[in-house]
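The values are calculated or read from the model by the stated rules, or taken from the named source; none is laboratory data. Please read these numbers as outputs of a predicted model, since none were measured by experiment. With ideal geometry, Cβ positions are generated from the backbone for all residues, glycine too; neighbour counts draw on all protein chains shown.
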Amino acid sequence: MQFEYLVITYTDKNLKDDLMVKYRLRDTPIAVKWTQRVLLAQQQGYGIDDPGRFYGFGSLEQQTESALKDINSTINYINRWYSIDYRLQSVYDQDTLNRLHHVFEIEHGLLDSKDFDSDYKKHLCNLNLQVHRCESVARGANPRHVITYFGLPKTETLDDNDYEYFEPTITFGTVYINYAEIGKTLFDLAMDNDSYIEPAAFQPFCHYSADFVVRFWNNKNCNLHDQLYQYYNQHQEFFESLGYTWSNLSRSIGSIPVADLDYSGDILKDLETRQFVKAVHFS
């Protein structure tokens, strides 16, 4: 492998108190391909679109209040173009979150499929992010941060061999390739019980990009396959009408890890005041 580490420089809101953290890259073909996508994004001038996209820090009350305020503010902006005559009253209202995510799906379109007013597109993308932020708070507010490179074309798809590296387990401090599709996976449908989604918006993990997420919690997900198999069986007609079998879908349960935390300090404590990504590079 060309590089040994992913190195992320975190900093404070004043961009002065830097913390450099290493993540040891995994020696897998998909980790190499993902590294190449990150380097390409940087070489082509794509910046991190939201360096402060951190989840799960601060009190649950603070996170809940902020999530509700932000999503309803975005709805107000979207109403300049598309009428949404309701607001989110609780982060635990999954049905309304599903409705709002459906607005994003139908108005934004699927992956790289629409080109329209940039302000509208920006607010639609924010709506999507804020739906997921509310879901994150409602499901325990597990700490993590996400790096995305807005505008980078999502052209790369997983090879058959890449599916070997999906893991249902979540490991503290591990870097995972972020879901790059517009839509929902089998896991999302099962978790959300989404009755609004259009068939075309069911999108199993296929494309990958430079985008990634660093998760700071552990979850063995021991029963995940069984839970998703049960959901699949209950909706088998829907999935088969789209050409998917359990054999297809079970290959992409979980996420693809590409690097693991290599840090001797208390990373959660050290990130409390440094929730801004200043730089990403490899060494």
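Can you tell me which residue within segment 138-197, out of those that are touching an Asp or Glu at 6+ places or on another chain (Cβ under 9 Å) and of a type in the set (K, R), is modelled with the lowest pLDDT?
If we take residues in segment 138-197 being touching an Asp or Glu at 6+ places or on another chain (Cβ under 9 Å) and of a type in the set (K, R), then K154 is modelled with the lowest pLDDT.
Please specify each residue of segment 192-220 satisfying the condition of being part of a helix (DSSP H, G or I), touching a strand residue (DSSP E or B) at 6+ places or on another chain (Cβ under 9 Å) and of a type in the set (A, V, I, L, M, F, W, C). Explain how you work it out, then say what you get.
In the first step, residues of segment 192-220 are kept if they are part of a helix (DSSP H, G or I); the result is 192, 199-201.
The next check asks that each one be touching a strand residue (DSSP E or B) at 6+ places or on another chain (Cβ under 9 Å); those that pass are 192, 201.
Of everything in segment 192-220, just one residue is part of a helix (DSSP H, G or I), touching a strand residue (DSSP E or B) at 6+ places or on another chain (Cβ under 9 Å) and of a type in the set (A, V, I, L, M, F, W, C), namely A201.
Which residues, taken from segment 2-31, are of a type in the set (K, R) and either assigned to a loop (DSSP other than H, G, I, E, B) or buried (at least 19 other Cβ atoms within 10 Å of the Cβ) (or both)?
K13, K16, R26 - these are the residues of segment 2-31 that are of a type in the set (K, R) and either assigned to a loop (DSSP other than H, G, I, E, B) or buried (at least 19 other Cβ atoms within 10 Å of the Cβ) (or both).
If we scan segment 51-64, do we find a residue that is in contact with a strand residue (DSSP E or B) (Cβ under 7 Å, 6 or more places away or on another chain) and more than 29 Å from N14 (Cβ to Cβ)?
no
Just to be sure, is L88 more than 17 Å from the chain's Cα centre (by Cα), surrounded by 17 or more Cβ atoms within 10 Å (Cβ to Cβ) and among the aliphatic types (A, V, I, L, M)? Reasoning before the result, please.
On the way: more than 17 Å from the chain's Cα centre (by Cα): yes; surrounded by 17 or more Cβ atoms within 10 Å (Cβ to Cβ): yes; among the aliphatic types (A, V, I, L, M): yes.
Taking the combined requirement at face value, the residue satisfies it.
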